[in-house]
Amino acid sequence: MKYVKFKNHSEQVPIGKLVCVGRNYAAHAKELGNDVPEFPIIFLKPASNVIYSGESVVHPSYSNNLHHEVELVLYIGKDIKDATDETAENSINGYTVGLDMTLRDLQFEFKAKGDPWTLAKCFDTAAVITDVVLKNDYQLKGDENISLSVNEIVKQNSSIKNMIFSPVEIVKYISARMTLEKGDLIFTGTPEGVSRVISGDKIDANIENIGTITTQII
C-alpha cells in the first residue's frame, strides 16, 4: 500500500485512486496535435504506480518513447460527491508536485486504433510525487510557476494560471461522475514542453512554494 506523505506533518494517509486530467494547458494540447478540450479529459492511474521523489523511474522495455509531464496535484482530504464551488474548495486539503510519466509511442498507437490508452499511462513508477503541502500551511495563489528540467536543461516552464480548468472546476466535474474519497490524488495536467527521456536522465520538477521532485530514469 502507498501512502500520502505530508510536509511538516507526521500523518500518513493511504493513497486511493489517481484521477488525471489530460490537455489542461492549451499549448500542450496543441503541441501534441490535439484540440483544446471543452470538458476535462479524465483517465486513471492505480496507486501502485506511485513512487516518491528520490526514487527512480524504471523505463519499460516495451516502449521507445517515454515522456515527462510535470503537474500540480490536488490532495483530497474528505469524501465528496456532486461538489459545489464551496465544497470542492473545501475538499482540496493540500497540494503536491507530480510526474505523469507517459509512454508516448504506445499512446499514439492506441489512439490511432481507437483503443483505450490506459497502458500508456499505467505502469510501475509511472506516477512520481513528493510531500503534500497542506492548505493550512500554504494557500495556493493560482499563479505559481511550474517547471521541469532534464539534465539541468529546462524543458517545461509555465504558470498554473494557464490551466484551462481550475482546481475547483476539476473537482466539481469529477465528483459529478464519481465519488472522490480521502486519499485520492488529482493530477491537473501538464504545460507544454514534454519530451522524451532515456535511461540515465535526471529529472528535476518544481512548483513554486509547493515542492520539488528529483528522480532518475533507469
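The values are calculated or read from the model by the stated rules, or taken from the named source; none is laboratory data. Owing to the predicted nature of the structure, the values given are computational and were not obtained by experimental measurement. Because the Cβ atoms are built from the backbone with ideal geometry, glycine has one as well, and the counts that use them run over all protein chains shown. Remember, those area values only see protein heavy atoms, side chains included, never the ligands or the DNA or RNA. Shrake-Rupley method; radii C 1.70, N 1.55, O 1.52, S 1.80 Å.
Expressed per residue, the C-alpha convex hull volume of the stretch 1-130 stands at 136 Å³. Taking every C-alpha pair closer than 8 Å and separated by at least 6 residues, the mean separation divided by the residue count of the chain gives a relative contact order of 33 percent.
So which of Lys5/Lys78; Lys141/Lys182; Lys5/Lys182; Lys7/Lys45 end up more than 18 Å apart by C-alpha?
On the way: Lys5/Lys78 16 Å; Lys141/Lys182 23 Å; Lys5/Lys182 13 Å; Lys7/Lys45 23 Å.
Pairs exceeding the cut-off: Lys141/Lys182; Lys7/Lys45.
Computed with a 1.4 Å probe over protein heavy atoms only, the accessible area of Asp115 comes to about 70 Å². Within the full protein context, the accessible area of Lys7 is estimated at about 80 Å² for a probe radius of 1.4 Å.
Would you work out if the stretch 159-201 is rounded, prolate or oblate? Take a ≥ b ≥ c from the square roots of the eigenvalues of the alpha-carbon gyration tensor; rounded if a/c is under 1.5, else prolate when a/b is larger than b/c, oblate otherwise. Present the calculation step by step, with values, prior to reporting the outcome.
Numbers: a/c = 3.42, a/b = 1.73, b/c = 1.98.
Judged from the Cα gyration tensor, the stretch 159-201 comes out oblate (a/c at least 1.5, b/c at or above a/b).
Take the Cα of Lys111, step 7 Å toward its Cβ, do the same at Ser199, and the gap between the two points is 2.8 nm. In terms of the Cα gyration tensor, with a ≥ b ≥ c the square roots of its eigenvalues, is the stretch 87-218 rounded because a/c is under 1.5, prolate because a/b exceeds b/c, or oblate? Here the stretch 87-218 falls in the oblate category. Overall, the anisotropy analysis places the stretch 72-121 in the prolate class: the square-rooted eigenvalues a ≥ b ≥ c of its C-alpha gyration tensor yield a/c not less than 1.5, with a/b exceeding b/c.
Percent of accessible area on the chain owned by carbon and sulfur, 1.4 Å probe?
48 percent
I need the phi-derived Karplus couplings for the stretch 4-20: 6.51 cos²θ - 1.76 cosθ + 1.60, θ = phi - 60°, integer Hz, Gly and Pro marked x. Values per residue, Gly and Pro as x: 6, 10, 10, 6, 6, 9, 8, 4, 10, 10, x, 6, x, 9, 9, 9, 10 Hz.
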